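The values are calculated or read from the model by the stated rules, or taken from the named source; none is laboratory data. These figures come from a predicted structure and were not determined experimentally. Backbone-built Cβ (ideal geometry, glycine too); neighbour counts: all protein chains shown.
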Amino acid sequence: MIIVTGSLAYDYIMDFPGSFGDHILPEQIHKINLSFIVNKFAKRRGGTAGNVSYSLGLLKTQHILFSIAGKDFKDYKKEFKKFKILTDFVKIEKNKYTSTGFAMTDKNDNQIWGYFYGATDNIYRLKLKTIATEKDFVLIGPCGARGSMSFVKQCAKLGVSYMFDPGFILTEISNKDLLFGVKNAAFVVGNDYEIDLIKERVGQKEFINKIIITTLGKSGAIINEKGKVHKILPVKPKTVIDPTGAGDAWRSGFLAGWQKNFSLKTCGQMGAVAASFAIEHYGTQEHTYTIKDFINRYRQTYKTLLEL
């Protein structure tokens with residue numbers, strides 16, 4: 001069984017019609033003070049765990065959503081129920097609000113995020129031993145350094161395999177904890193910038209016997225399987241509306257394939273298909289598709305039949 005950890009959040013998503021780079025003076029970076037006027041705004045369900053769980057639901061993949069939310073989680077839960085996604089293992093903090101993210105995207109798909117952890121501050125208190133066995137697989141999604149490392153250490157102690165996704169916590173996690181997370185992981189996942197930064201901080205040798213997944217946005221992805229490289233071609237979406245949440249959708253597609261014991265390349269290609277649907281809509285959980293839709297897009301891109 002896949003166990004999905006990470007944050008649950010409400011996201012405020014904004015589009016800036018210009019380019020951030022046109023308004024940043026490198027020689028004045030030490031005293032940056034900018035305001036961006038946006039032309040699009042929406043409130044959406046989000047959070048890394050919520051986004052991954054949503055797409056796993058679309059793919060009819062059984063999993064456990066193991067996270068924490070605040071007193072305002074009712075609407076979120078109601079929407080997940082429509083997709084038959086269980087929220088039984090989501091702990092509710094009655095005196096806090098659900099985490100909130102603020103994302104601004106420019107015309108070049110560059111993003112600036114601000115984040116309020118809220119209820120997620122207490123996610124480190126969740127105990128994996130209450131639901132996990134050695135046969136399970138845990139996605140350790142970003143939920144603050146304390147929360148993510150709590151899950152890493154619990155997995156290591158319980159002997160449970162996990163995918164380490166530290167991208168959003170790299171600015172607050174220590175090199176020691178980052179090394180521990182990488183050393184004990186079955187998979188390490190991140191975009192190209194994040195993976196390069198992780199390698200610089202923990203050393204190249206720690207990656208020799210790991211499966212490293214590097215997502216490359218519109219250029220696809222690379223899966224390094226202990227020296228064997230799988231290049232994952234991107235899937236062309238019908239239209240590009242918003243890249244926010246594409247990475248989480250990618251992880252969902254990959255994990256759905258992994259649970260079915262597909263090859264790493266097939267899993268990666270499923271990730272690319274899932275991501276292509278996500279970027280066709282404004283928001284991280286606004287896309288929808290049937291299994292037939294998914295199979296058809298997979299076949300059209302990779303010229304092979306996927307049996308789901």
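Looking at the stretch 199-215, which of its residues are farther than 22 Å from Leu255 by Cα and surrounded by 12 or more Cβ atoms within 10 Å (Cβ to Cβ)?
Listed by number, the residues that qualify are Lys199, Arg201, Val202, Gly203, Glu206.
Please go through the stretch 271-294 and pick out each residue that is under 15 Å from Thr61 (Cα atoms) and without any contact (Cβ under 8 Å) to a residue 40 or more places away in the chain. Give the derivation first.
Taking the stretch 271-294 and keeping what is under 15 Å from Thr61 (Cα atoms), we get 271, 274, 288-292, 294.
Once the filter is applied, which keeps residues that are under 15 Å from Thr61 (Cα atoms) and without any contact (Cβ under 8 Å) to a residue 40 or more places away in the chain, the stretch 271-294 yields Thr290, Lys292.
Kindly list the number of the only condition in (1) within 19 Å of the chain's Cα centre (by Cα); (2) charged (D, E, K, R); (3) surrounded by fewer than 21 Cβ atoms within 10 Å (Cβ to Cβ); (4) under 22 Å from Gly50 (Cβ atoms) that fails for Lys218.
The single condition Lys218 does not satisfy is (4).
For the stretch 198-206, indicate whether the set of residues that are outside any loop (DSSP other than H, G, I, E, B), β-branched (Val, Ile, Thr) and modelled with pLDDT of 95 or more is non-empty.
Filtering the stretch 198-206 for residues outside any loop (DSSP other than H, G, I, E, B) gives 198-202, 204-206.
From the residues that got through so far, the ones that are β-branched (Val, Ile, Thr) too are 198, 202.
From what is left, the residues that are modelled with pLDDT of 95 or more are none.
No, there is no match, as no residue in the stretch 198-206 is outside any loop (DSSP other than H, G, I, E, B), β-branched (Val, Ile, Thr) and modelled with pLDDT of 95 or more.
Can you spot a residue in the stretch 103-120 that is assigned to a helix (DSSP H, G or I), surrounded by fewer than 18 Cβ atoms within 10 Å (Cβ to Cβ), in contact (Cβ under 8 Å) with a residue 24 or more places away in the chain and more than 16 Å from the chain's Cα centre (by Cα)? Give the steps one after another, and end with the answer.
Of all residues in the stretch 103-120, those assigned to a helix (DSSP H, G or I) come to 118-120.
Narrowing further to those that are surrounded by fewer than 18 Cβ atoms within 10 Å (Cβ to Cβ): none.
Within the stretch 103-120, not a single residue is assigned to a helix (DSSP H, G or I), surrounded by fewer than 18 Cβ atoms within 10 Å (Cβ to Cβ), in contact (Cβ under 8 Å) with a residue 24 or more places away in the chain and more than 16 Å from the chain's Cα centre (by Cα).
Taking the stretch 1-35 as the search range and keeping residues that are of a type in the set (Phe, Trp, Tyr) and modelled with pLDDT of 90 or more, which one is surrounded by the most Cβ atoms within 10 Å (Cβ to Cβ)?
From the stretch 1-35, those of a type in the set (Phe, Trp, Tyr) are 10, 12, 16, 20; that's our starting set.
Still in the running and modelled with pLDDT of 90 or more: 10, 16, 20.
Details: Tyr10: 23, Phe16: 20, Phe20: 17.
Among residues in the stretch 1-35 that are of a type in the set (Phe, Trp, Tyr) and modelled with pLDDT of 90 or more, the one surrounded by the most Cβ atoms within 10 Å (Cβ to Cβ) is Tyr10.
Can you find a residue in the stretch 189-196 that is touching a Lys or Arg at 6+ places or on another chain (Cβ under 8 Å), touching a residue at least 12 places away in the same chain (Cβ under 8 Å) and outside any helix (DSSP H, G or I)?
Quick first cut of the stretch 189-196, residues touching a Lys or Arg at 6+ places or on another chain (Cβ under 8 Å) only: 189.
Now narrow it down to the ones that are touching a residue at least 12 places away in the same chain (Cβ under 8 Å): 189.
Next, only the ones that are outside any helix (DSSP H, G or I) stay: 189.
Scanning the stretch 189-196, I find at least one residue that is touching a Lys or Arg at 6+ places or on another chain (Cβ under 8 Å), touching a residue at least 12 places away in the same chain (Cβ under 8 Å) and outside any helix (DSSP H, G or I), so the answer is yes.
Could you say which residue among Lys107, Lys96 is within 16 Å of Leu8 (Cβ to Cβ) and of a type in the set (Lys, Arg)?
Working: Lys107 fails: within 16 Å of Leu8 (Cβ to Cβ).
Criteria check complete, one pass: Lys96.
Can you find, within the stretch 1-19, the residue that is nearest to the chain's Cα centre (by Cα) among those that are more than 14 Å from Gly245 (Cβ to Cβ) and part of a loop (DSSP other than H, G, I, E, B)?
Among them, the one singled out is Thr5.
Filter the stretch 224-255 for residues that are farther than 22 Å from Thr5 by Cα and among the β-branched types (Val, Ile, Thr); which is surrounded by the most Cβ atoms within 10 Å (Cβ to Cβ)? Full working, then the answer.
Narrowing the stretch 224-255 to residues farther than 22 Å from Thr5 by Cα: 224-242.
Keeping just the survivors that are among the β-branched types (Val, Ile, Thr) gives 229, 232, 235, 239-241.
On the way: Val229: 9, Ile232: 26, Val235: 23, Thr239: 8, Val240: 13, Ile241: 17.
The residue in question is Ile232.
Could you look through the stretch 156-181, keep only residues that are part of a helix (DSSP H, G or I) and within 17 Å of the chain's Cα centre (by Cα), and pick out the one that is modelled with the highest pLDDT?
Out of the qualifying residues, it is Gly181.
Assuming Arg146 fulfils every condition listed in (1) charged (D, E, K, R); (2) farther than 18 Å from Ile3 by Cα; (3) buried (at least 20 other Cβ atoms within 10 Å of the Cβ) apart from one, which condition is it?
Here Arg146 clears every test but (3).
For the stretch 26-73, give me the residue count where each residue is in a helix (DSSP H, G or I), in contact (Cβ under 8 Å) with a residue 40 or more places away in the chain and not aromatic (Phe, Trp, Tyr). Reasoning before the result, please.
The initial filter retains those residues of the stretch 26-73 that are in a helix (DSSP H, G or I), namely 26-31, 48-58.
Filter once more, keeping what is in contact (Cβ under 8 Å) with a residue 40 or more places away in the chain: 48-56, 58.
Imposing the further condition that a residue be not aromatic (Phe, Trp, Tyr) reduces the set to 48-53, 55-56, 58.
Number of matching residues: 9.
Hey, does the stretch 93-112 have a residue that's modelled with pLDDT under 95, closer than 28 Å to Thr290 by Cα and of a type outside the set (S, T, N, Q)?
The answer is yes; a qualifying residue exists.
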